[in-house]
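Reviewing the structure listed below.
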Amino acid sequence: MFKNFLPVETAELTESTSIALAESIEQVQVPTSLSKQPIATTYVNQGSSGTPILLLHGFDSSVFEFRRLLPLLAAENETWAVDLLGFGFTERLPEIAFSPAAIKTHLYYFWKTVIAQPVILIGASMGGAAAIDFVLDYPESVEQLILLDSAGYSAGMPVGKFLFWPFDALAVEFLRIPKVREQISKAAYVNQNLVTPDATLCASLHLKLPGWHQALKAFTKSGGYGSFQAKLGQIQQPTVILWGKNDQILGTDDGYKFKDAIASSQLIWIEDCGHVPHLEQPQATAKHILELGVRC
């Protein structure tokens, strides 16, 4: 039922949206300038009409993050989601130095290999920073930009650059602890009832893949994504900023700051919602994307 590149624990999923997305995950060999061999890249593609939508997930996450939003968008629009390099179920080749620059390069080659036309680029949390980084370097590839509670305005803490053995390994292993992941998930929601066993499994399936520990450690030590504040004025694409009104992870100030910094932008607040509107309020999020994003 599920592809053999997914861990066997995928069979333990219980919610219909999770199972449906797992059944839709595909893999493509993407040749890049990062390695001699192509990178086996996991993605989901549903829908067939309109300008393609491309969804980018957050830190230490996967395409499962869009299990509730993607089918709502795909009902009206061609929609893609991809596992960024070093994350999700995309192959982690040992010779690659995992960093924001490598993520951007891999994303470009994925886009060039399987989509090859301008997209509506949607980034959630860290995926928003990846989307900003991408549109700044490849503006011809992006027709519109949509940011969901996005990182990339305020500078992150660069402590990862200064982690050394064994503390780097310990820091990454801390994220593997189920109770830690559960508490992080709870902090992202207003409605704590949404942090179900199925949701917890969706958020941790990718930890079962080879190289998760090494790739996350390398990305953390690269410094991750910093602030794009000085470059946001260069974004020419129409931009929609969707933000959970009760975001306890990034707060709400950066929503206003993105709106002020990006010329052709509008800010929409999602009520009764924390850091993950695509998971907590998928219907409202899809409605805004389809009405204000796709049709703006």
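The values are calculated or read from the model by the stated rules, or taken from the named source; none is laboratory data. Fair warning: this is a prediction, and the values are worked out from it, not measured in the lab. All Cβ positions, glycine included, derive from the backbone under ideal geometry; neighbour counts span all protein chains shown.
The helices (runs of 4 or more DSSP H) found entirely in the stretch 1-114 that carry 3 or more residues being among the aromatic types (Phe, Trp, Tyr) are 100-110. Answer with yes or no whether residue 247 is over 19 Å from residue 52 (Cβ atoms), surrounded by fewer than 16 Cβ atoms within 10 Å (Cβ to Cβ) and not small (Gly, Ala, Ser). In short, no. Can you find, within the stretch 102-127, the residue that is nearest to residue 225 (Cα to Cα) among those that are in contact with a Ser or Thr (Cβ under 7 Å, 6 or more places away or on another chain) and buried (at least 21 other Cβ atoms within 10 Å of the Cβ)? Going through the qualifying residues, I end up with 125.
Go through the stretch 119-211 and tell me which helices (runs of 4 or more DSSP H), entirely inside it, have 2 or more residues that are at pLDDT 85 or above and small (Gly, Ala, Ser).
126-137, 178-188
Only one of the numbered conditions (1) outside any helix (DSSP H, G or I); (2) at pLDDT 95 or above; (3) more than 28 Å from residue 52 (Cα to Cα) is violated by residue 273, and that is (3). In a helix (DSSP H, G or I) and buried (at least 19 other Cβ atoms within 10 Å of the Cβ), is that true of residue 289? So residue 289 fits the description; yes. When residues in the stretch 223-253 are screened for being over 18 Å from the mean Cα position of the chain (by Cα) and within 22 Å of residue 137 (Cα to Cα), 10 of them pass. Considering (1) closer than 25 Å to residue 262 by Cβ; (2) surrounded by fewer than 19 Cβ atoms within 10 Å (Cβ to Cβ); (3) among the small types (Gly, Ala, Ser), the lone condition that residue 130 does not fulfil carries the number (2). Among (1) within 28 Å of residue 290 (Cα to Cα); (2) not in a helix (DSSP H, G or I), where does residue 224 come up short? Checking residue 224 against (1) within 28 Å of residue 290 (Cα to Cα); (2) not in a helix (DSSP H, G or I), the one that fails is (1).
Let's see how each residue does on (1) within 15 Å of the chain's Cα centre (by Cα); (2) closer than 25 Å to residue 247 by Cα; (3) hydroxyl-bearing (Ser, Thr, Tyr):
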position	(1), (2), (3)
89	yes, no, no
94	no, no, no
104	yes, no, no
107	yes, no, no
126	yes, yes, no
131	yes, yes, no
134	yes, yes, no
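Among the residues of the stretch 32-52, is any over 13 Å from the mean Cα position of the chain (by Cα), exposed (fewer than 15 other Cβ atoms within 10 Å of the Cβ), closer than 17 Å to residue 84 by Cβ and in contact (Cβ under 8 Å) with a residue 40 or more places away in the chain? Yes, because at least one residue in the stretch 32-52 is over 13 Å from the mean Cα position of the chain (by Cα), exposed (fewer than 15 other Cβ atoms within 10 Å of the Cβ), closer than 17 Å to residue 84 by Cβ and in contact (Cβ under 8 Å) with a residue 40 or more places away in the chain.
The residues of the stretch 75-101 that are among the aliphatic types (A, V, I, L, M) and crowded, with 21+ Cβ neighbours inside 10 Å, listed by number, are 81, 82, 84, 85.
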